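These notes concern the structure reproduced below.
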Amino acid sequence: MTLRTIQYPLLTLALALGITGCSKEVPAPEANVATPPVAAKAEPAPTSDQIHQQLLALDTHIDIPTTLGTEGADPSLDGPMQVDLPKMRSGGLDAGFFIVYVGQGPLDEAGYQAAYDEAERKFAAIERMVSQNPDAIVLVKTPAELKAAVAEGKLAAAIGIENAYPLGPHYEHLQEFYDRGGRYLSLTHFGHNHFGDSSSAKGEQNGVAEPVNHGLSELGLSLIDELNKLGIMVDVSHTSKESTLAAVARSKTPVIASHSGVKALFDHPRNLSDEELQAIAAKGGVVQLVAFDSYMREMSEENKAAVKGVREQMGLTAPDWYKTASQQTLHDFRAGVAALNEQFPRASISDLVDSIDYVVKLVGIDHAGIASDFGGGGGVEGWDSVEQTPAITEELLFRGYTPEEVEQIWSGNLLRVWAEVEAYAEAQR
């Protein structure tokens, strides 16, 4: 990939026109006339890659397998996963929220126990990654710890929790999850739960019937209060519009959407309406725009059939194939889907930055961020793994954002919200 050079506009114009000084012939100076000093040669303008490597880049949504840190999912190797430590280094991704994700299940004793057990395995996997690579990556629990780790030349791992379901029927595991490093919590996933309604209900088999609360339940509102007191960011990705607006109204601190898209650009249940974007921004929050192909474009029936064909050709026909497949198999599946791009163009980096532009124009640059959803289905043409991360910075610079604004989008806005949430909790204590 050829990286664009970022130059001052007038200097670029002058060079293009060959204007490097006076165009007329000038006679040699007389002996008694001092020769003017030769101007120092201008330093070459930094490339977008150089700019990217200097800024602090933070991805707020990296899904992990429970096998992370074991053979076949070794983060210390440049292997089949979209995110590993060598790729983070080469791609200039300094920090990421690694996700404790649990899918929605039945609201009964067995369901809660299974969800808690799955969450525990995800926490253990993140802890294993860090403990096995102490010289490379640090588990951080505050914005200050994150910045300190990066300043020391290390990568930073924070933890986000996707779906409040494993907290238990009365969020009895919340303190434990906080103590282990959970610093944001998505209220729902696909399917309603006892805390609130999801943007994508799945019916009885994945939780409770639809809709149940027309927003957040009383328990869900109470959970918001506890998140504020502890210092956990409230995440409204995957919640219904009513749940999102209720969460924003209830929270005493700014809220985030850890990995969401823009409904005005593509009408998908997972995307946020202008009303939701404006409410989040009015509260001081931030929307992390997600690189998820199907949240940014309409897939034709032929396209869906072609993707299904790739899956079937690989023998991935079980209902839970995505959970049980090896990391190498998932890599091969992603490559097979990417190979369809010429016939069925996927969403691209340009589409992702379009969504960033939209949020910036609607509510201001203070409220836009970036998330990949790598490991959980994320990836667009040009950004299919973390090693390609500089291409996002390149596109932002090309569209006229300054290096300072690019860093604000990559990390500054999210770190500001996190610090405000932390400060509120400290004041309550």
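So which residues in segment 384-403 are in contact (Cβ under 8 Å) with a residue 60 or more places away in the chain, out of contact with any Phe, Trp or Tyr (no Cβ under 9 Å at 6 or more places or on another chain) and not charged (D, E, K, R)?
388, 390, 397, 398, 403
Right, residue 418: crowded, with 21+ Cβ neighbours inside 10 Å, among the aromatic types (Phe, Trp, Tyr) and in contact with a helix residue (DSSP H, G or I) (Cβ under 6 Å, 6 or more places away or on another chain) or not? Explain how you work it out, then say what you get.
On the way: crowded, with 21+ Cβ neighbours inside 10 Å: yes; among the aromatic types (Phe, Trp, Tyr): yes; in contact with a helix residue (DSSP H, G or I) (Cβ under 6 Å, 6 or more places away or on another chain): yes.
Answer is yes for this residue.
Would you be able to say whether some residue in segment 334-347 is under 26 Å from residue 267 (Cα atoms), touching a strand residue (DSSP E or B) at 6+ places or on another chain (Cβ under 6 Å) and either modelled with pLDDT under 90 or surrounded by 18 or more Cβ atoms within 10 Å (Cβ to Cβ) (or both)?
Yes: segment 334-347 contains one or more residues that are under 26 Å from residue 267 (Cα atoms), touching a strand residue (DSSP E or B) at 6+ places or on another chain (Cβ under 6 Å) and either modelled with pLDDT under 90 or surrounded by 18 or more Cβ atoms within 10 Å (Cβ to Cβ) (or both).
Can you give me the ranges of the strands (runs of 3 or more DSSP E) entirely in segment 218-293 with at least 3 residues that are touching a Ser or Thr at 6+ places or on another chain (Cβ under 9 Å) and surrounded by fewer than 19 Cβ atoms within 10 Å (Cβ to Cβ)?
Values: elements: 233-235, 256-262, 286-290.
The strands (runs of 3 or more DSSP E) meeting that bar number zero.
If you go through segment 378-387, how many residues are assigned to a loop (DSSP other than H, G, I, E, B) and within 12 Å of the chain's Cα centre (by Cα)?
Number satisfying all stated conditions: 1.
Please indicate, with yes or no, whether at least one residue in segment 294-317 is among the hydrophobic types (A, V, I, L, M, F, W, C), over 24 Å from residue 338 (Cα atoms) and in contact with a strand residue (DSSP E or B) (Cβ under 8 Å, 6 or more places away or on another chain).
No: zero hits.
Looking at (1) farther than 29 Å from residue 122 by Cβ; (2) in a loop (DSSP other than H, G, I, E, B), which one does residue 302 not meet, given that it meets all the others?
(2)
Restricting to segment 139-178, name every residue that is in contact (Cβ under 8 Å) with a residue 60 or more places away in the chain and not in a helix (DSSP H, G or I).
Listed by number, the residues that qualify are 142, 155, 156, 157, 158, 159, 160, 161, 162, 163, 169.
Please enumerate the residues belonging to segment 398-416 that are in contact with an Asp or Glu (Cβ under 9 Å, 6 or more places away or on another chain) and either assigned to a helix (DSSP H, G or I) or closer than 13 Å to residue 94 by Cβ (or both).
If the condition is that a residue be in contact with an Asp or Glu (Cβ under 9 Å, 6 or more places away or on another chain) and either assigned to a helix (DSSP H, G or I) or closer than 13 Å to residue 94 by Cβ (or both), then 408, 410, 411, 412, 413, 416 are the ones that fit.
Under the condition of being modelled with pLDDT under 95 and in contact with a helix residue (DSSP H, G or I) (Cβ under 7 Å, 6 or more places away or on another chain), which residue from segment 99-145 is farthest from residue 197 (Cα to Cα)?
Checked segment 99-145; the qualifying residue farthest from residue 197 (Cα to Cα) is 105.
Taking segment 336-372 as the region of interest, how many residues are basic (Lys, Arg) and either within 14 Å of residue 282 (Cα to Cα) or assigned to a helix (DSSP H, G or I) (or both)? Before the answer, list the steps.
Just the residues of segment 336-372 that are basic (Lys, Arg), to begin with: 346, 361.
Next, only the ones that are either within 14 Å of residue 282 (Cα to Cα) or assigned to a helix (DSSP H, G or I) (or both) stay: 361.
The qualifying residues number 1.
Given 347, 335, 264, which one is over 30 Å from residue 245 (Cα atoms) and either of a type outside the set (D, E, K, R) or in contact (Cβ under 8 Å) with a residue 40 or more places away in the chain (or both)?
Values: 347 fails: over 30 Å from residue 245 (Cα atoms); 264 fails: over 30 Å from residue 245 (Cα atoms).
When all the criteria are applied, what remains is 335.
The values are calculated or read from the model by the stated rules, or taken from the named source; none is laboratory data. Note that the coordinates shown come from a computational prediction; the quantities given were computed from them, not determined experimentally. Every residue, glycine as well, gets a Cβ built from its backbone with ideal geometry; the counts of neighbours run over all protein chains shown.
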